Amino acid sequence: MLSGKHIVLGITGSIAAYKAVDILRAFKKKSAKVSVVMSRPAANFISPLTLETLSGQPVLVGRFNKKTSNLQHIYLAREADMLLVAPATANIIGKFAHGIADDFLSTLYLAFTNKVIIAPAMNVHMYTHKTVVNNMMYLADIGVDIIPAGEGELACGDTGAGRLADVDIIIEHVCSCFDSKKSLLGKKILITAGASREQIDDFRFISNPSTGKMGYVLADEAKRRGAEVTLISAPTNLLPSKQIKLIKINTAQEMYNTVVNHFDHFDALVMAAAVADYTPLNKFSGKIKKQGKPLTIELKPTIDILKSMGKRKKKQVVVGFAAEVENIIENAKEKLEQKNLDMIVLNDISKKGAGFGLDTNIISIIDKAGNVAEYPIMKKEAVAGVILDKVENLLY
Ligand SMILES: Cc1cc2nc3c(=O)[nH]c(=O)nc-3n(C[C@H](O)[C@H](O)[C@H](O)COP(=O)(O)O)c2cc1C
């Protein structure tokens, strides 16, 4: 969850400073990059060498480090995803609240534009002092997350609030900040994926090269955003994440039957499946024998699932996909209109980097008003994000 994230761990002069070691180790275990910044008093409580060894990064202590660039506070602020100060003393809270920038950590805070979290630790009378309370309230007001101190026996012998929050609580809070917004919480999304198979005989079928990846990635992203997701999938080699309800089908007719059975109970349908337009008029039973002469297989059109759902929809958002090679915008606009869709994701499969079986796609999204949004080549995960952002706009 923290893989690829860069966290600055600020440590200040509290008796709880030793607990920063556990925080640092938990971050490293979760594959985060951690840069430690310590106030000068913090170095009296815990050795910078310990933190340097555990983080694998140079530790900045006190004021500006002569070995690093003079603008290191700006570079670090630009690069890091989060600043967590744990433990945070009454002093650093006061400095943050009043814009005092007299050492590296307090200067970094002012230059920092990403998420800032502080976990206070101090004596109960300090923690409940009006000045400290006001400073914390002010910081919370301007968007700093404050992880409340725990209650119990304090190092000074007093009892009450002021203990550094449990390391598990701090880690959980940090992780939750990187979790995607649960923007589809309470919404039910029906997604189709894969290439349908139209049987010619018991052993052969007509299909297409779709791997199903786009639909599966969409299902994962919708789930991450908190939606209840049902994925209706033609055969693929993919596995959806556990909390996604998977219904396996083979043919276009089975896809239709399953979609129609679910559609009314859903908020949105995203038809990413590559469903056959034609199916054999008659399926041979058994195996067609090789006869050494031309064989004619008559095809009939399959039922148009998108068009049927476009007609059937009440308040659902219906999203179609169009894989086109010529007159692409006109064809896609026509499809959108004829099928009463809310938007269509257009895939120019003649372009390099777009289409079946790739990890990337090049899409345009056309909405009901005819607006065309064009996107550069993107990984399918990013494409899923763009599509679901638009679905969200239509749902709310
Ligand atoms: C043994 C000892 C323990 C301390 N524990 C705390 C503490 O838990 N919280 C706090 O706010 N200050 C505590 N202080 C006071 C701070 O270290 C002091 O205010 C210092 O100036 C904080 O500087 P800093 O915020 O730059 O680290 C303690 C001081 C000592 C000597």
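Values as computed for the structure displayed
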| read-out | value |
| --- | --- |
| Rounded if a/c under 1.5, otherwise prolate or oblate - segment 82-224, Cα gyration tensor axes | prolate |
| Highest-fluctuation residue, 333, 213, 300 considered, GNM on the chain with Cα pairs under 10 Å | 300 |
| Surrounding net charge for residue 4, when Lys and Arg each add one and Asp and Glu each subtract one, Cβ distance under 15 Å | +2 |
| Amide H contacts under 5 Å for residue 238, placed H, 5+ residues apart | none |
| Fewest-first ranking of 256, 216, using other Cβ atoms within 10 Å as the exposure measure | 256, 216 |
| For 75, 127, 396, order by how many other beta-carbon atoms lie within 10 Å, fewest first | 396, 75, 127 |
| In Hz, Karplus ³J(HN,Hα) per residue of segment 303-318 (6.51, -1.76, 1.60; θ = phi - 60°; x = Gly, Pro) | 6, 7, 5, 4, 5, 4, 6, x, 6, 7, 5, 10, 10, 6, 8, 10 |
| Table column - 3J(HN,Hα) (Hz), segment 185-193, Karplus curve with 6.51, -1.76, 1.60, x for Gly and Pro | 4, x, 9, 10, 10, 9, 10, 10, 8 |
| Rg over Rh [alpha-carbon atoms, Kirkwood Rh] for the chain | 1.15 |
| Within straight-line cross-link reach of residue 351, aspartates and glutamates at Cα separation under 13 Å, skipping those fewer than 8 residues along the same chain | 324, 326 |
| Cut-off 12 Å between beta-carbons: net charge of the residues surrounding residue 325, Lys and Arg +1, Asp and Glu -1 | -2 |
| Relative exposure of 137, 126, judged by other C-beta atoms within 10 Å (fewest first) | 137, 126 |
| Hits among lysines - C-alpha to C-alpha of residue 5 under 20 Å, sequence gap 8 or more where chains match | 28, 29, 30, 33, 115, 181, 182, 379 |
| Anchor residue 300: lysines whose Cα lies under 19 Å away (excluding residues fewer than 8 positions away in-chain) | 283 |
| Other-chain or far-sequence residues with amide H under 5 Å of residue 317's (modelled H) | 268, 269 |
| Per-residue HN-Hα couplings for segment 287-295 [Karplus 6.51, -1.76, 1.60; θ = phi - 60°; Hz; x = Gly/Pro] | 10, 5, 7, 5, 10, x, 9, x, 10 |
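Any read-out appearing in this document is the output of simple, stated calculations on the displayed coordinates, not a laboratory observation. Quick caveat: nothing in here was measured; it's all calculated off a predicted structure. Positions of Cβ are backbone-derived with ideal geometry, glycine not excepted, and every protein chain shown enters the neighbour counts.
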